[in-house]
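Participant: Okay, here's the structure, questions in a sec.
The values are calculated or read from the model by the stated rules, or taken from the named source; none is laboratory data. These numbers come from a predicted model, not from an experiment. Positions of Cβ are backbone-derived with ideal geometry, glycine not excepted, and every protein chain shown enters the neighbour counts. These accessible areas exclude ligands, DNA and RNA; they are computed on the full protein's heavy atoms, side chains included. Shrake-Rupley method; radii C 1.70, N 1.55, O 1.52, S 1.80 Å.
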Amino acid sequence: MNAGIPQIKQHSKLSLLKLIRRSIFLFIGAAFVSVGLEIFLVPNNIIDGGIVGISIITGHLSGLPISIFLLLFNLPFLFIGYKQIGKTFALSTLFAVTVMSIGTYLLHPVKPLTIDPLLAAVFGGIILGVGVGMVIRSGGSLDGTEIVAILFNKQSPFSVGEVVMFFNLFILASAGFVFGWDHAMYSLIAYYIAFKMIDLTIEGFDESKSVWIISDNSRDIGEAIMQRLGRGVTYLQGEGAFTGGSKRVIFCVITRLEEAKMKSIVEELDPAAFLAVGNIHDVKGGRFKKKDIH
């Protein structure tokens with residue numbers, strides 16, 4: 001027995017209910033991606049970035065279904081993901097990629113809903129982005145280039161986002177030589193819309209924001225936030241570096257829809273107050289639940 005050595009808590013396995021819930025969302029997300037690809041983008045020669053874009057171009061040049069390449073090109077990255085990120089991520093990704101590949105194969109004979117490339121880019125991008133966002137939110141991935149970017153980032157001065165952007169710009173530019181530059185521009189529209197929808201799906205419409213307020217009327221502002229906005233506040237003690245005076249700082253977390261009302265409260269009670277608002281991707285614990293407003 002090793003006295004004095006802290007015991008490392010083992011990673012707990014997912015309960016059956018959580019496993020089923022995760023599988024359902026992975027399935028729905030991958031199915032959405034299949035619809036976005038085969039019903040909107042692929043028939044109109046519009047591509048997305050990453051492995052999906054490479055698969056569409058390869059499928060077009062070879063005449064083979066893109067479902068083959070979606071699975072084939074992602075397999076090496078699944079192995080890398082298993083080694084670098086973990087078993088749960090790899091299995092979730094394998095499941096989602098398999099569903100996506102089967103979905104594109106089954107939907108390939110279905111006629112597209114539109115042959116207008118702009119409509120296809122917009123609606124295909126929306127559906128694709130929602131699907132990818134659901135998969136990522138459920139702990140999986142549909143694009144191995146992000147894994148490569150994480151590994152490449154360790155050996156280069158570029159961030160993961162910059163590496164992914166470089167890969168995708170190269171892939172989207174390649175579409176210009178294969179499908180024509182007008183389709184490459186439509187592909188850029190679809191990619192941008194999908195990118196935004198991924199963020200929206202992951203963060204949700206009810207995105208949280210952190211608020212920092214420095215004011216001489218901090219007590220009045222704090223009470224107004226609790227009474228009129230229904231949010232709890234925390235008072236922090238600070239010190240002004242320039243004046244050396246003591247300052248009370250208000251910290252609270254609100255939703256995006258409450259930001260305008262928060263600003264109006266601060267403006268009303270102290271127009272000279274310092275107010276900083278930042279985005280928060282996740283909130284857990286504490287007492288974030290909204291109180292009743294009387």
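Participant: Could you compute the FRET efficiency for Glu223 and Ser23, with r as their C-beta to C-beta distance and R0 at 41 Å, rounded to 0.05?
Facilitator: Working: r = 47 Å, r/R0 = 1.15.
The formula returns an efficiency of 0.30 here.
Participant: Treat each spin label as a single point 7 Å out from the Cα along the C-beta direction, and report the Ile80 to Phe170 distance in nm.
Facilitator: Rounded to a tenth, the inter-label distance reads 1.1 nm.
Participant: Using per-residue counts of other Cβ atoms within 10 Å, averaged over each peptide, order 107-119, 177-189 from highest down.
Facilitator: Numbers: 107-119: 13.5, 177-189: 17.3.
So the peptides 107-119, 177-189, ranked by packing, come out 177-189, 107-119.
Participant: Quick query: amide H of Arg248 versus all other amide H atoms, modeled in the peptide plane; which residues come in under 5 Å with a sequence gap of 5 or more or a different chain?
Facilitator: Ser215, Gly238
Participant: Taking H as built 1.01 Å from N, whose amide H comes closer than 5 Å to the amide H of Ser141, not counting residues under 5 places away?
Facilitator: Sorted by chain and number, the residues that satisfy this are Thr93.
Participant: Viscosity 1.567 mPa s, temperature 4 °C: what is the translational diffusion coefficient of region 169-221 from Stokes-Einstein with a Kirkwood Rh over Cα pairs, rounded to a whole number of µm²/s? Walk me through the numbers before you get to the answer.
Facilitator: Values: Rh = 14.6 Å.
The estimated diffusion coefficient comes to 89 µm²/s.
Participant: Then there is this: What accessible area, in Å² to the nearest ten, does a 1.4 Å probe give for Phe95?
Facilitator: Counting only protein heavy atoms, Phe95 exposes about 80 Å² to solvent.
Participant: Something else now. Considering only protein heavy atoms and a 1.4 Å probe, what is the carbon-and-sulfur percentage of the accessible area of region 173-249?
Facilitator: Accessible surface attributable to carbon and sulfur in region 173-249 totals 59 percent.
Participant: May I have the extent of the alpha carbons of region 166-260 along their three principal axes, as whole Å values ordered from largest to smallest?
Facilitator: If we take the Cα atoms of region 166-260, the spans are 64, 33, 17 Å.
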